[in-house]
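What follows is a single structure, written as structure tokens, with notes after it.
The values are calculated or read from the model by the stated rules, or taken from the named source; none is laboratory data. What you see is a predicted model, and the numbers here were worked out from it, not measured in a lab. Because the Cβ atoms are built from the backbone with ideal geometry, glycine has one as well, and the counts that use them run over all protein chains shown. To get the accessible areas, we keep the full protein, side chains included, count just its heavy atoms, and leave off ligands, DNA and RNA. Shrake-Rupley method; radii C 1.70, N 1.55, O 1.52, S 1.80 Å.
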Amino acid sequence: MGLCRMLAIAVLIACAVPCASAPQAATQSPPLDRTVLPIAATPFKGTMGLRTKDSTPSFPGNVTAPAGAPNVVLILMDDIGFGETSTFGGPVPTPTLDKLAANGLRYNRFHTTAVCSPTRAAIITGRNHHTAHTGAVTEMATGFPGYDTVLGKDMATIGAMLTLNGYNTAWFGKNHNVGDWESSQAGPFDRWPTGLGFEKFYGFIGGVANNWRPALFDGTTPIEPYLGKPDYNLDFDLADQAISWIKMQKTVAPEKPFFVYATAAGHAPQQATPEWIAKFKGQYDQGWDKMREETFARQKRAGIIPADAKLTPRPKELPSWNSASPREKKVYSAMMELAAAHVAQADYNLGRVLKSIDEMGQTDNTLVIFVVGDNGGSGEGSLQGVFNDLNIVSQSHETLEYLESRLPDFGTWKSSNLYPVPWAWAMNTPFQWTKQVASHFGGTRNGMVISWPKGIKARGEMRTQFHHVIDVVPTILEAARLPEPVVVNGVTQHPIEGVSMMYTFADAKAAERRQTQYFEIFGNSGIYHDGWFASTTPFRLPWSGVGTDVDVLTTKWELYDLNKDFSQADDLAKQNPEKLREMQVRFYAEAAKYNVLPIQTSAAERFGEGIRPSLTGDKKSFTYTAGLKRIPEGASPNIKNRSWALSADVDLKGGDSGVIATQGGLLGGWALYFEKGKPVFSYTFADGSNYRGVATDAVPAGKHSVVMNFVYDGGGIGKSGTAAVLVDGKEVAKVRVVKTTPFRFSTEETLDFGEDTGTPVDLSYDVPARFEGKLGKVVIDLK
């Protein structure tokens, strides 16, 4: 036997691979198992002989989405009431949303969780918010499974599911799903968007963004795109980024479907460009009571709500419009104009994205799911509205005179404004209450529009089935003809808890498939089952900030028959106590099933950093150097409610200016900086109070030691203190800080060294204010 023949036999025996001279009959590939992700690699389909000429190459096939799978655009707006947009009868024109509704379906019984992070965790996982470890916003996490914000590997997001099934995926805008202690550049990044399976992220990690000067990330890299661009605006930037990404994706891989998750405006700060603000001048002078009546009438005329629906009365806790003075009305009307401009501007920019998709010929097979708010209109702005929305956390108050003085700055980078609570209530027409109140539809009922020309024949129709935000993920999977994954990246998955809404696409009268749904935020609780709804009577006001020590087992409950009562107007608890008892028992069964327990009624107190894991731990001394910046508050030394000191080594040229160290910004924070050679310590409180100590003389050129020593008076939280600045051991400036921040300087602004980002702590300088001398080490010591 020849050597070649012998070697060939040996190779065949060893490798069990067909020889080039003995081709095998073609076999049909088995269907892909998409329940285990990543999908298993396809076996080698070529042949391997002893020599290249005896062999046939074959590359492993790329994973592709099912043939004809649609592009998907998932849009989630922020703090938008059911009766806010023109699409659902509201006073704010939203032509982009109107057009989508005319070419698709409106849903008038769709629900969210009543608060931001919980809704966002549910919409990307298809699991209830407590199942997804997000029973409150991430800055308020507590050490219980339903509230710790630690989303597990057993709950893959829709981004991961689609990426591993052959989609390109991107997330633009707000995140607010990363734990406070995991939000720094030290990570871990596995719960950031790119760690959750999204290939592209461009947006902000926290819950708030200054639209003029946002703290953005591209992936996990912090960026400041506003620097040197005085006209920069986040809405326009996000739209530009999304359009660019989609164009690139469809140009390079035209057959590959894309998934875009876009989160849009509405949340404080309610900011817009001057051009958009001007469009709404004088449009809301009729006030919230009249506006609510006008919205209700439009909703009935358009068939958005049933003909027999009732307009729920104004809660006794809210003032009437007529009770406001002319001065108050001027301020309140201006705040509503800003809110409307903010939403209308976002609608315009979302329209730009959808227009670009249309220009690429992709509209017909693009599924757009537009959820109009992650909760109802926000009642966190106090009864008179706020220039700085963090006043609710700091338990501070802005006077009417202060608001009047700041009117020119409303909507600019200097503000974080939010309209008065009664406007939020009006935006939630016809329902009771607002954001945070999970027991009532003013907090949880949000409009939704779905458009998919290829997949939905109906145009401009209403759907009335009861659904919840956890139903979005299974709807996308069914539309893409993808199964729910059982294993993802080697981890067995917790079952998806939502149900697909696709059954409603072709049948307006289809029996609803969601029979039961619980609700709970800050102890305000509710349960839906087969047309009935039971709920706690709200026991804390959303604008109060503070929690309560109410016993949730003895608090009052209400009962509604939603088959006859669209708006929760008629409480039947006294007439039907047996039904109420049945619903209460069902709620606690659901609460136990989905990790709602223990029910917690605390609120702003949870913002304190000491109750969560921390990168700072028990350390008392921290050393930094110039150029370190964008360190979030949850990963910074906690200098609040205590004495502390900061020391820095500097080498001055003479007459130097610039920041040594700063935390927070114009709406709350502190800074140690030089102003033409003079050291300055500045402290700003949430209500606009600023305390600034400035040295009398400039420090001469050369090397110096600069120390800021803060002595806290004690006696509780948020109390007074005294800051002294010393140069080479000699006191050169001193200032009494009457009000200090008790819980949080900012949910967006950061700790920076050698420069400032975002906004300055006072208006004597502006960012980036890079230190002009040489900055050595900076040490913060907690006393």
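Take the residues of the stretch 161-181 that are open to solvent by 10 Å² or more (accessible area, probe 1.4 Å) and not in a loop (DSSP other than H, G, I, E, B): which is nearest to LEU615 (Cα to Cα)?
This residue is TRP181.
Consider the stretch 394-449. How many of its residues are of a type in the set (Val, Ile, Thr), under 22 Å from the mean Cα position of the chain (by Cα) and not in a strand (DSSP E or B)? I'd like the intermediate steps shown before the answer.
Restricting attention to the stretch 394-449, the residues satisfying the condition of being of a type in the set (Val, Ile, Thr) are 399, 412, 421, 429, 434, 437, 444, 449.
This time we only want the ones that are under 22 Å from the mean Cα position of the chain (by Cα), so: 412, 421, 434, 437, 444, 449.
From the residues that got through so far, the ones that are not in a strand (DSSP E or B) too are 412, 421, 434, 437, 444.
Residues flagged as of a type in the set (Val, Ile, Thr), under 22 Å from the mean Cα position of the chain (by Cα) and not in a strand (DSSP E or B) within the stretch 394-449 amount to 5.
For the stretch 194-234, which positions are among the polar types (S, T, N, Q) and open to solvent by 20 Å² or more (accessible area, probe 1.4 Å)?
The answer is THR194, THR220, THR221.
Of all residues in the stretch 547-560 being out of contact with any helix residue (DSSP H, G or I) (no Cβ under 9 Å at 6 or more places or on another chain) and within 24 Å of ARG314 (Cβ to Cβ), which is most open to solvent (accessible area, probe 1.4 Å)?
Ranking the qualifying residues of the stretch 547-560, first place goes to LYS556.
Only residues that are in contact with a Leu (Cβ under 8 Å, 6 or more places away or on another chain) and among the hydroxyl-bearing types (Ser, Thr, Tyr): list them for the stretch 723-758, please.
Listed by number, the residues that qualify are SER746, THR747.
Here is a yes/no grid of residues against (1) aliphatic (A, V, I, L, M); (2) touching an Asp or Glu at 6+ places or on another chain (Cβ under 8 Å); (3) part of a strand (DSSP E or B); (4) under 22 Å from LEU32 (Cα atoms):
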residue: GLY455; (1), (2), (3), (4): no, no, no, no
residue: ARG459; (1), (2), (3), (4): no, no, no, no
residue: ILE470; (1), (2), (3), (4): yes, yes, no, no
residue: GLU478; (1), (2), (3), (4): no, no, no, yes
residue: LEU482; (1), (2), (3), (4): yes, no, no, yes
residue: ILE496; (1), (2), (3), (4): yes, yes, no, yes
residue: ALA508; (1), (2), (3), (4): yes, yes, no, no
residue: ARG513; (1), (2), (3), (4): no, no, no, no
residue: GLU520; (1), (2), (3), (4): no, no, yes, no
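Can you confirm whether the stretch 120-138 contains a residue that is within 15 Å of the chain's Cα centre (by Cα) and surrounded by fewer than 23 Cβ atoms within 10 Å (Cβ to Cβ)?
The answer is yes, given that some residue of the stretch 120-138 is within 15 Å of the chain's Cα centre (by Cα) and surrounded by fewer than 23 Cβ atoms within 10 Å (Cβ to Cβ).
Quick one: in the stretch 583-630, of everything that is among the charged types (D, E, K, R) and farther than 27 Å from ILE392 by Cβ, which residue is farthest from the chain's Cα centre (by Cα)? Can you show your working first?
At the first step, the residues of the stretch 583-630 found to be among the charged types (D, E, K, R) are 586, 590, 593, 605-606, 609, 612, 618-620, 629-630.
Narrowing further to those that are farther than 27 Å from ILE392 by Cβ: 586, 590, 593, 618-620, 629.
On the way: ARG586: 30, GLU590: 26, LYS593: 26, ASP618: 30, LYS619: 31, LYS620: 32, LYS629: 22 Å.
So the residue we want is LYS620.
What residue, among those in the stretch 718-760 that are part of a loop (DSSP other than H, G, I, E, B) and among the hydroxyl-bearing types (Ser, Thr, Tyr), is nearest to the chain's Cα centre (by Cα)?
Ranking the candidates gives THR747 first.
Check whether at least one residue in the stretch 64-76 is touching an Asp or Glu at 6+ places or on another chain (Cβ under 8 Å), crowded, with 24+ Cβ neighbours inside 10 Å and part of a loop (DSSP other than H, G, I, E, B), and report yes or no.
No, because not a single residue in the stretch 64-76 is touching an Asp or Glu at 6+ places or on another chain (Cβ under 8 Å), crowded, with 24+ Cβ neighbours inside 10 Å and part of a loop (DSSP other than H, G, I, E, B).
I'd like the full set of residues that are under 23 Å from LEU477 (Cα atoms) and assigned to a strand (DSSP E or B), limited to the stretch 34-55.
Scanning the stretch 34-55 gives VAL36, LEU37.
Cβ-Cβ distance below 7 Å, separation of 6 or more or different chains: which pairs start in the stretch 489-514 with a residue that is under 26 Å from ALA132 (Cα atoms) and end on one that is part of a strand (DSSP E or B) and open to solvent by 30 Å² or more (accessible area, probe 1.4 Å)?
GLN493/VAL487
Filter the stretch 287-306 for residues that are loosely packed, with under 15 Cβ neighbours inside 10 Å and in contact with a helix residue (DSSP H, G or I) (Cβ under 8 Å, 6 or more places away or on another chain) and give the result.
LYS290
Confirm whether THR312 is modelled with pLDDT of 95 or more, outside any loop (DSSP other than H, G, I, E, B), among the β-branched types (Val, Ile, Thr) and farther than 26 Å from TYR402 by Cβ.
Working: modelled with pLDDT of 95 or more: yes; outside any loop (DSSP other than H, G, I, E, B): no; among the β-branched types (Val, Ile, Thr): yes; farther than 26 Å from TYR402 by Cβ: yes.
It is false that THR312 is modelled with pLDDT of 95 or more, outside any loop (DSSP other than H, G, I, E, B), among the β-branched types (Val, Ile, Thr) and farther than 26 Å from TYR402 by Cβ.
Return the residue satisfying two criteria in turn: it lies in the stretch 571-595 and is in a helix (DSSP H, G or I) and of a type in the set (Asp, Glu), and of such residues it is surrounded by the most Cβ atoms within 10 Å (Cβ to Cβ).
Looking at residues that are in a helix (DSSP H, G or I) and of a type in the set (Asp, Glu), I get GLU590.
State all residues of the stretch 627-668 that are of a type in the set (S, T, N, Q) and under 22 Å from GLU182 (Cα atoms); if no residue qualifies, say none.
Of the residues in the stretch 627-668, the ones of a type in the set (S, T, N, Q) are 636, 638, 641, 643, 647, 657, 662-663.
Listed by number, the residues that qualify are SER636, ASN638, THR662, GLN663.
Looking for something of a type outside the set (Asp, Glu), out of contact with any Leu (no Cβ under 8 Å at 6 or more places or on another chain) and over 17 Å from TRP245 (Cβ atoms) - is there at least one such residue anywhere in the stretch 196-204?
Kept after step one, since they are of a type outside the set (Asp, Glu), are these residues of the stretch 196-204: 196-198, 200-204.
Checking the rest, the ones that are also out of contact with any Leu (no Cβ under 8 Å at 6 or more places or on another chain) come to 198, 200-201.
Remaining after also requiring over 17 Å from TRP245 (Cβ atoms): none.
No: the stretch 196-204 contains no residue that is of a type outside the set (Asp, Glu), out of contact with any Leu (no Cβ under 8 Å at 6 or more places or on another chain) and over 17 Å from TRP245 (Cβ atoms).
Yes or no, residue by residue, for (1) open to solvent by less than 20 Å² (accessible area, probe 1.4 Å); (2) aliphatic (A, V, I, L, M); (3) at pLDDT below 95:
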{"site": "ARG606", "(1), (2), (3)": "yes, no, yes"}
{"site": "SER621", "(1), (2), (3)": "no, no, no"}
{"site": "THR625", "(1), (2), (3)": "no, no, no"}
{"site": "LEU652", "(1), (2), (3)": "yes, yes, no"}
{"site": "GLY665", "(1), (2), (3)": "yes, no, no"}
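Scan the stretch 87-119 residue by residue and report those that are touching a Phe, Trp or Tyr at 6+ places or on another chain (Cβ under 7 Å), among the charged types (D, E, K, R) and crowded, with 24+ Cβ neighbours inside 10 Å.
Once the filter is applied, which keeps residues that are touching a Phe, Trp or Tyr at 6+ places or on another chain (Cβ under 7 Å), among the charged types (D, E, K, R) and crowded, with 24+ Cβ neighbours inside 10 Å, the stretch 87-119 yields nothing.
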